[in-house]
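Shown next, in structure tokens, is the structure this report addresses.
What follows is calculated from the coordinates using simple rules that are stated; it is not laboratory data. Bear in mind the structure is a predicted one, so any value in this text is a computation, not a measurement. Heads up, the Cβs are rebuilt from the backbone with ideal geometry, glycines too, and the neighbour counts pull from every protein chain shown.
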């Protein structure tokens, strides 16, 4: 039984799961997607993959191969949500939104291994039509075969946060909850409040309600919610990195062409591994320290099995 079926069954019975249990179910989902993933020499798959010096498609291919292939994460018949950052009315060169070529390639990979549907959406900060168009994501994801649509405010469901320290419930977009598998695909960028915006912060794009109120205290409220909705796979788009004036940017002088991709089944480990793009440590990122304190990481982040690949 996959995560969606179990949650529906428990919902009908009036039951809920703790955040820790939801996290374990998400991890089990990923493992169940391919009981025998293609193992690298030595038979041990890395916790995190860092691939550099490449274009979006080769970066993705190398990362997926190192992690055992897309079949490890997506099964035949799955409804998959790919969650990019489409929050701002910015072109890809501004690095405020996820690279559209990466999203298109991911859509194709999911469909190639048998996904029934691939859905792409985000709760934007600027006008959604302009964000979807300016980012290039709508055009390229649709051309690749995805269903791309705007978030409907009527389609949020309140989710109990059993282990929340500040928040005890929060509305989450129904289509995110209904997915068999979620692939979280943030762009790597600076953020004025959270220091960086990576995998965990990207989940704010499926959160309803007054998102501004989440920012105080950000590290606790963000982890309260994120712990309940973990993705199966996090892929951090570091092809371009926004180093200053995030999260919306607006000047190419704030952007560095870093030609990197970081991927992991553990979103906390992915965020940790991506910090060298900014030249900072985890001690400077409060929400990451909070995530580890709560046990949201599935691997030991300070001793993770990190595989680095250079394509040149």
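For a quick check: sort 149, 156, 121 by the number of other beta carbons within 10 angstrom, fewest at the front.
Arranged by neighbour count, lowest to highest, 149, 156, 121 become 149, 156, 121.
Thinking of the stretch 207-259 as a set of Cα atoms, what percent of all their pairs are more than 19 Å apart?
Value for the stretch 207-259 (Cα pairs over 19 Å): 51 percent.
According to the Kirkwood expression over distinct Cα-Cα pairs, how big is the hydrodynamic radius of the chain, in Å?
Across the chain, the inverse of the average 1/r is 19.1 Å.
Got the relative contact order for the chain handy, in percent, Cα pairs under 8 Å and 6 or more residues apart?
24 percent
Quote the relative contact order of the stretch 188-312 in percent (integer), defining contacts as alpha-carbon pairs under 8 Å separated by 6+ residues.
About 28 percent, as a whole number.
In vacuum, with every alpha carbon of the stretch 132-214 counted as one equal point scatterer, what does the Debye formula give for log10 I(q)/I(0) at q = 0.11 Å⁻¹? Two decimals, please.
Debye intensities relative to I(0), on a log10 scale: -0.38.
Just rank 119, 130, fewest to most, by other beta-carbon atoms within 10 angstrom.
Exposure proxy ranking, most exposed first: 130, 119.
Rg and Dmax in Å for the stretch 156-312, alpha carbons only: what are they?
Over the stretch 156-312's Cα set, Rg and Dmax evaluate to 15.2, 48 Å.
Give me the compactness ratio for the stretch 75-205, meaning the Cα radius of gyration over 2.2 N^0.38 Å.
1.05
Order the peptides 235-242, 246-253, 80-87, 286-293 from the highest to the lowest mean number of other Cβ atoms within 10 Å of their residues.
80-87, 235-242, 286-293, 246-253
Given labels modelled 7 Å from the Cα in the Cβ direction, how far is it in nm from residue 302 to residue 162?
Taking the two extended label points, one gets 2.9 nm.
What ranking of 51, 74, 148 emerges when the number of other C-beta atoms within 10 Å of each C-beta is taken as an exposure proxy, fewest first?
Listing 51, 74, 148 from fewest to most nearby Cβ atoms yields 148, 51, 74.
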